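**Student:** Structure provided below as structure tokens; questions to follow.
Any read-out appearing in this document is the output of simple, stated calculations on the displayed coordinates, not a laboratory observation. What you see is a predicted model; the values in this text were computed from it and never measured. Here the Cβ positions follow ideal geometry from the backbone for every residue, glycine too, while neighbour counts run over all protein chains shown.
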Amino acid sequence: MRALIIQHDHVSPPGPVAERLEQHGYEIELHEVVSEADFHAPGVPGEFPDVSGFDLIVPMGAPWSAYDHDLIGSWVLPELDMLRDADARGIPVLGICFGGQLLAATHGGSVDASDRPEVGWAEVESDDDSLVPSGPWFEWHYDHWVVPPEASEIARNDNASQAFVLRRNLAVQFHPELTAAMLKGWLDNGGDEKAAHFGLDPDALLAETVELDERSRERAHALVDAFLARVATA
């Protein structure tokens with residue numbers, strides 16, 4: 001079995017999500033879209049592997065907006081086409097944060113700037129805890145999606161829709177893949193100033209994440225398990 005993980009930038013690795021897929025026997029192919037050298041000029045060519053060679057696709061998060069086609073349209077539009085192709089072929093997709101927003105845009109929903117961005121640990125209320133557990137998940141997004149008309153929303157909070165299922169696609173707005181080491185990379189890459197803008201102490205946010213690291217890994221593994229058992233096989 002082969003899984004294609006789309007890593008959109010150099011500081012957003014798949015962490016425990018890839019770890020759990022490997023434990024399930026998946027061979028991981030990691031496709032980085034924007035390299036560290038191109039981070040400040042992310043309009044790179046949009047070349048993606050042929051999805052027919054994969055059993056699973058995981059588009060990850062990104063610091064850009066899915067609708068900013070002037071900045072990243074060179075690759076985000078081809079990625080939307082890739083996700084449509086995957087859906088037509090019945091290839092399961094787990095979309096994480098930006099990747100979930102791409103699923104919304106791909107399948108008839110939309111993505112817009114949010115008037116209530118979320119940064120840090122937030123409570124999520126789920127209708128199906130066996131698939132997407134309720135409780136604290138790490139959030140870092142300035143946009144929100146409108147759920148596609150044929151999709152079923154299964155989780156939310158007061159700020160935004162947090163998860164939906166559509167055929168063999170699962171979109172989550174939060175970051176199950178986050179680890180303390182990953183968060184440090186985000187903070188060191190300009191995230192500390194953004195966190196402070198939202199009234200957060202970057203050091204305290206990192207310390208909280210360190211404390212939650214092992215529990216977060218367990219919850220990420222459980223989410224991957226449920227996705228494989230219930231959505232990928234739908």
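**Student:** With springs only between Cα atoms under 10 Å, which of Ile57, Ile96, Ile28 fluctuates most in a Gaussian network model of the chain?
**Tutor:** Ile28
**Student:** Pop the C-beta distance of Asp188 and Val146 into the FRET formula with R0 = 41 Å and round what comes out to the nearest 0.05.
**Tutor:** Approximately 0.80, to the nearest 0.05.
**Student:** Mind listing the long-range amide H neighbours of Val33? Cut-off is under 5 Å, sequence gap 5 or more, other chains count too, H placed in the peptide plane at 1.01 Å from N.
**Tutor:** Excluding prolines and chain starts, which carry no amide H, the hits are Gln7, His8, Asp9.
**Student:** Stokes-Einstein at 20 °C, 1.002 mPa s, Kirkwood radius from Cα pairs: D for the chain in µm² s⁻¹?
**Tutor:** Taking Rh from Cα pairs, D becomes 122 µm²/s.
**Student:** Give me a comma-separated list of calculated 3J(HN,Hα) values for the range 4-19, in order, Karplus coefficients 6.51, -1.76, 1.60 applied at θ = phi - 60°, integers in Hz, x for any Gly or Pro.
**Tutor:** Result, rounded to whole Hz: 9, 10, 8, 9, 7, 8, 6, 10, 10, x, x, x, x, 5, 5, 4.
**Student:** Still on this structure, I have one more. Let me know the Kirkwood hydrodynamic radius for the range 106-211, please, with Cα pairs as the basis and the value in Å to one decimal.
**Tutor:** About 14.6 Å, per the Kirkwood formula over Cα pairs.
**Student:** Starting from the amide H of Asp143, placed 1.01 Å from N in the peptide plane, find each other amide H under 5 Å away whose residue is 5 or more places distant or on another chain.
**Tutor:** Amide H neighbours of Asp143: Ser114.
**Student:** If you don't mind, another one. Among Ser126, Ser134, Ser12, what is the fewest-to-most ranking by other Cβ atoms within 10 Å?
**Tutor:** If I rank by nearby Cβ atoms, fewest first, I get Ser134, Ser126, Ser12.
**Student:** Taking θ = phi - 60°, what integer Hz values does the Karplus form 6.51 cos²θ - 1.76 cosθ + 1.60 yield along the range 50-61, in sequence order, with x for Gly and Pro?
**Tutor:** 5, 5, 5, x, 10, 9, 6, 10, 10, x, 8, x
**Student:** All other residues with a Cβ under 11 Å from the Cβ of Ser216 taken together, and with Lys, Arg as +1 and Asp, Glu as -1, what is their net charge?
**Tutor:** Spelling it out: positives minus negatives among the neighbours equals -3.
**Student:** At a 10 Å Cβ-Cβ cut-off, how would you order Trp186, Trp145, Trp121, fewest neighbours first?
**Tutor:** By the 10 Å Cβ count, ascending, the order reads Trp121, Trp186, Trp145.
**Student:** While we're here: His24 to Phe198: extension gain in nm, 0.36 nm per residue of separation minus the Cα-Cα distance?
**Tutor:** Here the answer is 58.8 nm.
**Student:** Between Leu103, Leu94, Leu200, find the one with the highest GNM mean-square fluctuation for the chain; connect C-alpha pairs within less than 10 Å.
**Tutor:** Leu200
**Student:** I need the shape label for the range 85-132. Rule: rounded when a/c is under 1.5, else prolate if a/b > b/c, else oblate, with a, b, c from the alpha carbon gyration tensor.
**Tutor:** oblate
**Student:** Let me ask another. Fewest to most neighbouring Cβ within 10 Å: what's the order for Met60, Met1, Met82?
**Tutor:** Exposure proxy ranking, most exposed first: Met1, Met82, Met60.
**Student:** Considering only DSSP beta bridges with both partners in the chain, what is the antiparallel share in %, to the nearest 5?
**Tutor:** So the antiparallel bridges amount to about 60 percent of the total.
**Student:** Tell me the relative contact order for the chain as a rounded percent, counting alpha carbon contacts under 8 Å between residues six or more apart.
**Tutor:** Computed over the chain, the figure is 19 percent.
**Student:** While we're here: Taking the Cα centre of the range 30-80 as origin, work out the dipole magnitude from +1 charges on Lys and Arg Cβ and -1 charges on Asp and Glu Cβ, in debye rounded to 20.
**Tutor:** About 80 debye.
**Student:** To the nearest 0.05, how large is the calculated FRET efficiency for Asp129 and Ala181 if R₀ is 30 Å and r is the Cβ-Cβ distance?
**Tutor:** 0.60
**Student:** Provide the per-residue ³J(HN,Hα) series for the range 186-191, in order, calculated from phi with Karplus coefficients 6.51, -1.76, 1.60 and θ = phi - 60°, each as a whole number of Hz, with x at glycine and proline positions.
**Tutor:** In residue order, the calculated couplings are 5, 5, 6, 9, x, x Hz.
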